[in-house]
1. Tell me, Thr213, Thr454 in order of fewest to most beta-carbon neighbours within 10 Å?
2. Rank the residues Ile379, Ile484, Ile185 as a footprinting-exposure proxy: fewest other Cβ atoms within 10 Å of their Cβ go first.
3. Where nothing but the Cβ of Lys and Arg (+1) and of Asp and Glu (-1) is charged, how large is the charge dipole of region 141-210 around its Cα centre, in debye to the nearest 20?
4. Under a Cβ-only charge scheme (Lys and Arg +1, Asp and Glu -1), can you give me the dipole magnitude of region 356-408 about the Cα centre, in debye to the nearest 20?
5. Between region 364-391 and region 271-297, what's the alpha-carbon centroid distance in Å?
6. Put +1 on the Cβ of every Lys and Arg and -1 on every Asp and Glu Cβ in region 356-408; which of Pro380, Ala366, Gln408 then has its Cα farthest towards the positive end of the dipole?
7. Assign unit charges at the C-beta atoms only (+1 for Lys and Arg, -1 for Asp and Glu), then state the dipole size of region 215-284 relative to its Cα centre in Debye, rounded to the nearest 20.
8. Just rank Asp363, Asp322, fewest to most, by other beta-carbon atoms within 10 angstrom.
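No lab work stands behind these numbers, since they all come straight from the coordinates. A quick note: this is a predicted structure, and the numbers were derived from the prediction, not measured. We place every Cβ from the backbone using ideal geometry, glycine too, and count neighbours over all the protein chains shown.
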Amino acid sequence: MVGSRVQLAKAGREYKACCPFHNEKTASFWVSPEKQFYHCFGCGAHGTALRFLMEYDHMSFPEAIEDLAGRLGLTVPHEGGGSGPDPQNAPLYELMGRVTQFYAQALTGTARAGQYVAQRGLTTETVQRFALGYAPDAWDALLSRFGTHEADRRALAASGLIIERSGGRGEGHYDRFRDRIMFPIRDSRGRTIAFGGRVLDRGEPKYLNSPETALFHKGHELYGLYESRVAGGTLKRLVVVEGYMDVVRLHQAGITCSVATLGTATTPEHLKRIFRLVREVVFAFDGDRAGRSAAWRALQHALPEAREGREIRFLFLPEGHDPDSLVGAEGREAFEQRLDGALPLSEYLVRELSAETDITHADGRARLAEAARPLIGKIPAGVYRELLIARVAEVVGLPAERLEALWQGTMAPAPPPAAVRSPPRTRNSAGRGSLIRQALARLVRFPSIAGAVTDAERAELQDCTEAGAELLRRLLDDLRARPIQISAQVIERWRDRPGGEHLGRLLEREAVLDDEAAAAVELRAALGKLVDLGVDQRLRALETKSRSGPLSEQELKEFQMLTSRKTVRNGKSGPG
């Protein structure tokens, strides 16, 4: 599949080429048929065939599935038993397409609407690219054109284009959109699923959107996303703005990665959709109070999606400007410089929390720490979360470990003097990374070996506190419950889960073993060593505590149990 888009050259068991995701003269893009995985050693792009289609052709995940299935002559099953996407809604898609054409014709035939578009600085090419139109100033323009029969009127109502009369106006319907510039909202396949309408003169509401329908769910859709995907080039980031006209003007200026939410705040569904396509998102908001409030809401929704490998940043525009006016005044280059200098999520969070309290004294810093706790609690465990905790701890003036322990209510007693501390045990990893990394790498490379791990071995791993242990437990449980055979299946299954990016990086680098049986042996050995490490760490903690006072009855029982456990595993006496 990759070879149909990139000219590959054989290189041993793999293939190589110049990377399609960045400009280079020396081939650093490698494709492994065995792993069903690609990786560029220049820019770091990596993934499976599905990821390649999503990155190279800007496809959504379902579209990539449909594409690959079609190449193999397979049919993708859909909910409801259908064999194609939304077969029951096909008449509504067809109607929305005809209405889009009707509005576009009305724009070219209405001098007043054409003058408004020209005054806003839009070119003919931009108008056509976004299929902009005009809803005539009449109560029945659509009804008279598309609603001559009862079935037609039902379709118009189901599409949100007409409204049933009420309040003494008599029976019947009337057009929802009247005397407005129309912005078709298109899905990932370019089909019109809804409209946004803007008044030409003064009037309320300034913007009117289609209601929720079988085709349109505003909490999931982003205006301009289709246009961004088909604009050409590699889509590396998305810029989220607030208005339809902001998107159109930015695209016209050459910033073709701009999208807008549809009359609603940024939702978790929006962010999930964004991060399926790109790794960086910039929220661009007006600098007024409303813009700052919208930015803070966006941050709160973004926190559960914040993790290593992703960038979430915030841009605040000068007072009195929106993206439409600013790109018109400054031009593309200046606006892109502003985007490049946007605040990272971590700095924006700290700045906002610091602005609400006086951090020059202990009381203020304590308030900031307490305000940050629920926000950071929304971030998945991982490197990014640890770094953000460290950033907050820096402002508060505490070590990161101590701050996190206080947040979790697990503050340990002060450590004993250095003179009586037990020396740290040196880990033997044979120069091949940590035990956790070894175990994860074997599982990703040969996922079927998860079945070689016994229930007892998995149970012993439950109390392991090594970094990455939770990811190892989740991966192991997943592969034991739902066995798979191919590395690429692991990467796709974990693509949007916490830790998925880390597993992908392990696969692209791991080349120690090519034998599945040997990998199974090494996996179980690594798990055994992890258990031993956990036992040793707990025994040392109990020993240290016993030097400063007697152990409780429960702690004594635990000490004896761990000592016996170690004796059984190692065939020798444990520490006395």
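1. By the 10 Å Cβ count, ascending: Thr454, Thr213.
2. So the residues, fewest neighbours to most, are Ile484, Ile379, Ile185.
3. Using Cβ point charges on Lys, Arg, Asp and Glu, region 141-210 gives about 240 debye.
4. Its charge dipole is roughly 160 debye.
5. Result: 20 Å between the Cα centres.
6. Pro380
7. Taking the Cα centre of region 215-284 as origin, the dipole is about 260 debye.
8. Asp363, Asp322
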